[in-house]
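The structure appears below as structure tokens.
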Amino acid sequence: MRGIGKRCFVYILRSQVDPERHYVGVTTDVGQRLEWHNCGPTGQIVRHRPWAVVVSVEFADELTAVRFERYPKSGSGRAFAKRHFAPEAPER
């Protein structure tokens, strides 16, 4: 159900087995969605489990969230995420 009225989140997940692998999505419940990604049915994301939330951004409505979701999936959005949400390098 897309539309106005229900708060939504755009979230970015990072694979804990392959930190270069990210997933971007929209949901009304980030915790429940993370559980689904880590325990849910088979699909392309299964082999990169477990996933962890890197960032979630709250929007006042689903329409705005869906529009924003396109940005982190774009080339400049992926570059932004890599620059700002990359895993920290281990200390020497």
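The values are calculated or read from the model by the stated rules, or taken from the named source; none is laboratory data. Everything numeric here is computed off the predicted structure, so don't read it as measured data. Cβ placement follows ideal geometry from the backbone for every residue including glycine, while neighbour counts extend to all protein chains displayed. Just the protein is used for accessible areas: all its heavy atoms, side chains included, with ligands, DNA and RNA removed. Shrake-Rupley method; radii C 1.70, N 1.55, O 1.52, S 1.80 Å.
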- Query: Roughly how many nanometres apart are two label points built 7 Å out from the Cα toward the Cβ at Asn38 and Leu63?
  - Reply: 3.5 nm
- Note on the structure: In nm, the gap between the two label points placed 7 Å beyond Cα toward Cβ at Lys6 and Thr28 is 0.3 nm
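Lys and Arg at +1, Asp and Glu at -1: add these up for the other residues within a Cβ distance under 13 Å of Ser15 and post the number.
Charge balance in the 13 Å sphere: +2.
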- Item | Nonlocal amide H pairs with Val54, under 5 Å, H built at 1.01 Å | Ile12, Leu13, Arg14
- Note on the structure: Surrounding charge for Trp51, neighbours by C-beta under 12 angstrom, Lys/Arg +1, Asp/Glu -1, total +3
- Message: I need the shape label for the chain. Rule: rounded when a/c is under 1.5, else prolate if a/b > b/c, else oblate, with a, b, c from the alpha carbon gyration tensor.
- Response: oblate
- Message: Within the chain, what whole-number % of the accessible surface is contributed by carbon and sulfur, with the 1.4 Å probe and all protein chains included in the calculation?
- Response: 52 percent
